[in-house]
Amino acid sequence: MRRAAFVYEEAQSRHVLREDHVFQPNRLQLTYELLNCYGAFEDSLLIAPKMAEEADLLSFHTEDYVSTVKSLSRGKERGDAAAFNFSAAGDNPPYEGMYEVSAMAVGASLVAAELVASGEVDVAFNISGGLHHAAPGYASGFCVFNDAVIAILSLVKRGLRIAYVDIDAHHGDGVQHAFYESDRVLTISLHEWGRYLFPGTGGVGETGKGPGMGYSVNLPLFPYTDDQTYLWAFREIVPPLVERFKPDILVTQLGCDTHYLDPLTHFLLTTEGYSEVVKELRGLAPKWVALGGGGYEIGVVARAWTLAYGVMAEREWPDEIPAEFQERYGLKRLRDESAPSIDSGMKEQARRFAERGVAEIKRSFSL
Ligand SMILES: [Zn+2]
């Protein structure tokens, strides 16, 4: 078994962005409870996060932005909130306690990075992290502070080389942007093509700039991409790129909004395909900082991340969900009970799109 740590505390799930907002923090609590029912923390570490210091936040974010988040979090009205991409009815509504909750997600990623870098564990999972869209000076795509960037910066400061792999259905734009001119951090993002999905970036041609040229990799995929095509494309490019880069630590964003039941995206992955991808990631580096990310069907999130933590800790959970959890939340099986139906024409189109992207990446990165 691998030495694994799970970084979480219940206070990270109590806030509400807005009653009708699709990003429901309760998904974190559900994941924790499901893992707990399986006895996951009997032989792995359960660690409470610490709030990030303001200096940590300022390693990536602007002073203006951090102080705006703080005052909005205390319920102050700010005429300039829209300039930081906050609005009550939009993707990023200000809410009470936003600063503390967001700084806690960053702190949790810093704790995970520290546990792994110090060698205390082989892998640490922060399900509240992976907020990959946040920009230096504004909120974006439900992300206030970019914990992934701040955790990677803390590792780079120690002289470590980091490979960041992002399997969320959305492009990891904030993280790519932060390291676009750096050769110390390799960023790889597989995501739904920006023509059909937020944030619209992440084309194959975005390969880095200056000294960072050749250290930014993007594979956009077509809607309806399924397990088979996704896994094929992943195996073609990610292992060879990461092996060549030789990272000291692997950082991954494990958004599970690629699932076929996800209400926001158009991929057709199953929990089986998702678990296979996470197993591939496990094989890439001995030291691994795993972060959460998107996922908007709460039952899928709890099941997918429970499976992911099983892969990290090298534990196999029984498919039948423990009775107490079943009674409480109505979920009976850990793995998908049914598969998505896939039109053969769409399957073929998604496959051909992936083949073209993979071929282009192989050309531009000389794989
Ligand atoms: Zn996403």
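When you check H21 against the structure, is it in contact with a Gly (Cβ under 6 Å, 6 or more places away or on another chain) and within 20 Å of Y95 (Cβ to Cβ), yes or no?
Criteria not met by H21.
Taking segment 144-162 on its own, how many of its residues are of a type outside the set (V, I, T) and crowded, with 24+ Cβ neighbours inside 10 Å?
6
So, in segment 348-365, exactly how many residues are under 10 Å from T229 (Cα atoms) and either in contact with a His (Cβ under 7 Å, 6 or more places away or on another chain) or surrounded by fewer than 16 Cβ atoms within 10 Å (Cβ to Cβ) (or both)?
3
Identify, please: which residue in segment 247-260 is away from the ligand (no atom under 14 Å from the Cβ) and over 26 Å from I342 (Cβ atoms) and is, among those, surrounded by the fewest Cβ atoms within 10 Å (Cβ to Cβ)? Quick ask: steps written out before the conclusion?
If we filter segment 247-260 for residues that are away from the ligand (no atom under 14 Å from the Cβ), which is where we start, we get 247-251, 260.
Subsequent filtering for residues that are over 26 Å from I342 (Cβ atoms) retains 247-251.
Details: P247: 22, D248: 17, I249: 22, L250: 24, V251: 30.
It comes out as D248.
Could you please find all residues in segment 54-63 being within 22 Å of the chain's Cα centre (by Cα) and assigned to a loop (DSSP other than H, G, I, E, B)?
Passing the criteria: L58, S59, F60, H61.
Going residue by residue through segment 50-63, is there one that turns out to be surrounded by fewer than 22 Cβ atoms within 10 Å (Cβ to Cβ), in contact with a Pro (Cβ under 6 Å, 6 or more places away or on another chain) and within 21 Å of A148 (Cα to Cα)?
Yes.
Every residue, every condition in (1) farther than 16 Å from H170 by Cα; (2) in contact (Cβ under 8 Å) with a residue 12 or more places away in the chain; (3) within 16 Å of the ligand (Cβ to nearest atom); (4) not β-branched (V, I, T), yes or no:
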site	(1), (2), (3), (4)
G214	yes, yes, no, yes
L219	no, yes, yes, yes
T229	yes, yes, no, no
F245	yes, yes, no, yes
D262	no, yes, yes, yes
F267	no, yes, yes, yes
T271	yes, yes, no, no
S275	yes, yes, no, yes
W288	yes, yes, no, yes
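Can you name the condition, by its number, that E297 falls short on among (1) without any contact (Cβ under 8 Å) to a residue 60 or more places away in the chain; (2) surrounded by fewer than 22 Cβ atoms within 10 Å (Cβ to Cβ); (3) more than 16 Å from the ligand (Cβ to nearest atom)?
With respect to (1) without any contact (Cβ under 8 Å) to a residue 60 or more places away in the chain; (2) surrounded by fewer than 22 Cβ atoms within 10 Å (Cβ to Cβ); (3) more than 16 Å from the ligand (Cβ to nearest atom), E297 is out only on (3).
Exactly one condition in (1) surrounded by fewer than 18 Cβ atoms within 10 Å (Cβ to Cβ); (2) under 16 Å from S128 (Cα atoms); (3) without any contact (Cβ under 8 Å) to a residue 40 or more places away in the chain is false for A11; which is it?
(3)
Identify the single condition in (1) over 17 Å from the mean Cα position of the chain (by Cα); (2) within 16 Å of the ligand (Cβ to nearest atom); (3) surrounded by fewer than 24 Cβ atoms within 10 Å (Cβ to Cβ) that T225 does not satisfy, given that it satisfies every other one.
Checking T225 against (1) over 17 Å from the mean Cα position of the chain (by Cα); (2) within 16 Å of the ligand (Cβ to nearest atom); (3) surrounded by fewer than 24 Cβ atoms within 10 Å (Cβ to Cβ), the one that fails is (3).
Values in this text are rule-based calculations from the coordinates and carry no lab data. In this text, all values refer to a predicted model and were calculated from it rather than measured experimentally. Methodologically, a virtual Cβ is constructed for each residue, glycine included, from the backbone with ideal geometry; neighbour enumeration extends over all protein chains shown.
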